[in-house]
Structures are given as C-alpha cells and as structure tokens.
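The values are calculated or read from the model by the stated rules, or taken from the named source; none is laboratory data. The structure presented is a predicted model; accordingly, all values stated were derived computationally and were not measured. Don't worry about glycine lacking a Cβ; one is built from the backbone with ideal geometry, like all the others, and counts go over all protein chains shown. To get the accessible areas, we keep the full protein, side chains included, count just its heavy atoms, and leave off ligands, DNA and RNA. Shrake-Rupley method; radii C 1.70, N 1.55, O 1.52, S 1.80 Å.
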Number of protein chains: 2
Amino acid sequence: MNQNKIPQATAKRLPLYYRFLNNLHIQGKSRVSSKELSEAIKVDSATIRRDFSYFGALGKKGYGYNVEYLLGFFRKTLDQDENTPVALIGVGNLGTAFLNYNFTKNNNTKIEMAFDADKRKVGKTIGDVQIYHIEDLEDNLENISVAILTVPVSEAQNITDRLINAGISGVLNFTPARITVPEHVRVHHIDLAVELQSLAYFMKHYPLEHEEEQ
Amino acid sequence: MNQNKIPQATAKRLPLYYRFLNNLHIQGKSRVSSKELSEAIKVDSATIRRDFSYFGALGKKGYGYNVEYLLGFFRKTLDQDENTPVALIGVGNLGTAFLNYNFTKNNNTKIEMAFDADKRKVGKTIGDVQIYHIEDLEDNLENISVAILTVPVSEAQNITDRLINAGISGVLNFTPARITVPEHVRVHHIDLAVELQSLAYFMKHYPLEHEEEQ
DNA sequence: TAAATGTCGTGAAATTATTCACTTAATCCA
DNA sequence: TGGATTAAGTGAATAATTTCACGACATTTA
C-alpha cells in the first residue's frame, strides 16, 4: 500500500472529497475539474490536484476528472466497502445527535451500540441503536475498534481506560479532557468550547485575511 | 497589537492553554513547567514554549511559569473579560447539546438566543436560552456576531445568507455543507462524519506512528 | 557560597504543507 | 482538420510549523 506516502493534511481531506464526489454522482454529473471542486469545497485547486496526484494520475488533461472513476477509486482507498463498527459512549444530547445522524448513508462507519450510565435509557433504542448500561461495557464491546466519547468530562479518563482494555484502538473524544492512551491508540479531539473560542479569537485578531478553516 | 505575528497554529491552541491554566489555578497550583503542561495537554513542550514566546518572555528559567500571571496574561489576550455573544441556529439534538453545555463557565462566549423552525419549540427556554422562530431571525439578531449552525444541510446556505445579511461575521458550521460567504465572514467547519471517517482512515493507514490530533 | 539542577527562550534545522507557474496532452469548436 | 482552449500533473519556490539542542540564568541544595 502507498499509505505512508500520503501527507496527513491530504488524508484529512479525503473524506471531504469522497462525500462531494458522491453528491456529484447522485446529481448525475459525470465530469468535474479541480477548479469546480475547489469552489465547492473551498480548498485551493492546486492543493486538490496535488492531493489526487499522490494516488497517481487520476484525471485527464483538458478534461478534468471522471466522477464515477474517481469515486470508485476513493471508495477503495477509503475502504468504503468495509464498514468500521463504532460504539457510542454517553447518550446525552450530543450522543443522541450522533445516533440520529445517519452516518452510514455515505460513509463506511456505523454506530453498532451505545452505552449510558442512566438506567432509564438502558434497553431503549435510538435510531436503531440499542443502549446498554455502562457497567456492561466489557461484555458487549466485541469486534468494535472505535468509540465516540460523549460522557461528562469527569468520567472521560476512567472510561477511556476501560475502552482500551476492552480492545478499542480509536477514540473520537468530545470531552474537554485530554485523555492519556497507550501508543497504539489513536485519539482525535473535538473540543466544542475550544472551537467556539478559537473562532472568536480569529475574528478579533485576523480581521481581514480570509481562508477557510477546518 | 501583536496579533498578526502569531501563527494560526498557535492561535488555535490558545483556548486549550487557557482552560488548562484555569484548572490549575482552581486546583491551587501556583507554578507549572512546559513539561508538565505538555504531558497534560499532549502538545510537545518545545511547541508550548515557542507558542508562549510569541507573546514575550512569560516564564522564568529554572522555575517555569507562574500560573496566576500566565492566566492573567491569557485572559487579556483572549479577551476573556469581554463576552462574545453567540446565536444558536437549529435546536435539534446537537443544538440542544450546546444549550446545555455551560460555555460561559471558563469561556468568554455565551449563547444569547436560539432559533428553530419548529413552532412547538418556539417560546421555550433551554439552559436559560430563549428559542425564537427562524422567521424572526432578522428581527432579533442584534449585537450578535457569531452563529453556531446546527440546521439540516439543505437549509445551511440559505440560512447562512440570512445570517450574514443580519450582520453575523463568524459561523461555526456543523452541517456538512461547505457554505459560501463573503470575504469578511469567517467560517470554521466541524464535520462530524468527516471526523469519524478520517479517524478510521488514520487508524487503518497510519498504524504505528502516534501523534495526537486536532 | 558554590555546585548541581531545572527550565526557559530561541537560533537553526527539519519537516510538512501550500502555492506558483509551466509543460503537456486532451478536448472543443469553427 | 487545425487552432484555441482547457485543465491535469508537477518541479520548484515559498510558507508554515515543529522539533532539536543549547546557552543562559534562576532556583535549589549541600
């Protein structure tokens, strides 16, 4: 595989490309240029061409990219065929939002089960996903490698430790806690307060220049 | 001001530093080193020292940083005194999560009002925030510069246009739509599906190396 | 007081990412 | 068919970010 040659910045944009191509395909468009893509997803066209070029020559000069071909290519590259099973930990408002969000639609991730500490929620189903009690975490987490963590910050590290013990190797952490994990576990943090505050900071201090932001 | 000298990557970490220092202060710690900070927030210690150095010499050799002093400094720098008023657009599960999240706690942003298209929600209050009908957007959005966008993707561009017309200059966009805005408006995208998919991709293709992310 | 230790601040190097601008090839159109 | 146009792919330049590694100085300890 050529995975290690692909810059991280590029890898982060792949899902974005994939989804947009999928939309184009659904709309019946058969052809797209890096310029069009650029305008739609707000990434410089040279960056898009460079990103694609890491995978080889996917387009045609004077023509652009064939949507169906490119989509098929990304489908393979992003392992769209193979589903990644996900567990949701913490069924509060944010957790519920995830359960109702239909990820599987144009995405290879699927929330298979959810856990919560509130006994009143246990046994219920939201968006087809069964809710278990957090005490039963270890008994149910089989074949699941990714967890979405939407629990109170005070529980974050403790539950993370249990998740890792139970075999999880990727965590999407929505708590403000900067959790500690072993080397082989990957954590992505999404910190809503930080995002909001950082937006406010940028607005005040970088008033004129304009570039889109992750 | 020295804002323009500060790299964007540094600016993005500032809220993180601020919050962690605040926690230290609450815990009664009076002193901290870049190494300790590094272990807690998973950012390389040299990066932390470099980040701080953009603001001048804030520490003392052989000692570290004085928590209270540093906190006070960041409070000023991040304009913690001055609140940024925020409007929430779309009171679904995700929107509700925001309303219940107590941002103002150690944060200078405050959700002042919310809007939704569902008449049953209008007039209610969640977490002290009044919900208005989306039709009345323009009438109520006064003195608000930031919007959190948690509406269905189909409405995203249309509502964004209205928001900008009503004077908003920053948008925290949680919809998958890559919205188009004029030069003076800043948009930060947080795309939950992309985050999840990109985590899965990194897990599969960058198996051994380990660095914290985002 | 003197030696040992700790830790900042930072030049310089290394790494990573973006952007420019040009060559080349395919398409489009008259 | 042939000239004009379009747009990919990419070498090279530039920019941004991180990291190394060390000098200098404060603190701590004996």
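Here is how the numbers come out for the structure above:
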quantity: Other copies of B:GLU39: label-to-label distances in nm, shortest first, labels 7 Å along the beta-carbon direction; calculated: 5.4
quantity: Signed unit charges on C-beta, dipole axis of the stretch B:1-127, positive-most listed residue B:SER33, B:ASN22, B:PHE74; calculated: B:SER33
quantity: Largest-first ellipsoid semi-axes for the stretch B:46-131, taking √(5λ) over the Cα gyration tensor eigenvalues, angstrom; calculated: 39, 11, 10
quantity: √(5λ) per eigenvalue of the Cα gyration tensor, chain B, largest first, Å; calculated: 35, 22, 17
quantity: Rounded to 10°, Cα long-axis angle of helix A:192-205 versus longest principal axis of chain A; calculated: 40 degrees
quantity: With at most 14 neighbouring Cβ atoms within 10 Å, loop trypsin sites (Lys or Arg not before Pro) (DSSP) excluded, longest segment of chain B; calculated: B:125-214
quantity: Folded to 0 to 90 degrees: helix A:67-77 orientation relative to chain A principal axis, Cα; calculated: 40 degrees
quantity: q = 0.22, 0.25 Å⁻¹: log10 I(q)/I(0) that the Debye formula gives for the stretch B:3-76, counting C-alpha atoms only; calculated: -1.01, -1.35
quantity: Copies compared at A:ASN140 - label distances in nm, ascending, label defined 7 Å from Cα in the Cβ direction; calculated: 3.7
quantity: 10 Å Cβ shell holding at most 14 others, DSSP loop, GluC sites (Glu not before Pro): longest site-free stretch of chain B; calculated: B:1-81
quantity: Apportionment of accessible area to carbon and sulfur, the stretch B:84-194, percent (1.4 Å); calculated: 47 percent
quantity: Position A:TYR63, label points 7 Å along Cα→Cβ, spacing to each other copy in nm (shortest first, one decimal); calculated: 6.9
quantity: For the protein assembly as shown, fraction of C-alpha pairs farther apart than 37 Å, in %; calculated: 25 percent
quantity: Förster radius 22 Å - calculated FRET efficiency between A:SER53 and B:ALA9, Cβ distance, rounded to 0.05; calculated: 0.30
quantity: Links that overshoot a 20 Å alpha carbon limit, given the list A:LYS29/A:LYS60; B:LYS12/B:LYS76; A:LYS121/B:LYS105; B:LYS35/B:LYS60; A:LYS124/B:LYS119; A:LYS29/A:LYS110; calculated: A:LYS121/B:LYS105; A:LYS124/B:LYS119; A:LYS29/A:LYS110
quantity: B:GLU183 versus A:LYS105: modelled label distance in nm, points set 7 Å from Cα along the beta carbon direction; calculated: 3.5 nm
quantity: P(r) of the stretch A:84-194 over all Cα-Cα pairs, binned every 5 Å from zero, in whole percent; calculated: 2, 13, 25, 27, 21, 10, 2, 0
quantity: Simple Cβ-charge dipole of chain A, Lys/Arg +1 and Asp/Glu -1, about Cα centre, in debye nearest 20; calculated: 1000 debye
quantity: With Cα atoms, 0 to 90° folded angle of helix A:8-26 axis to chain A main axis; calculated: 80 degrees
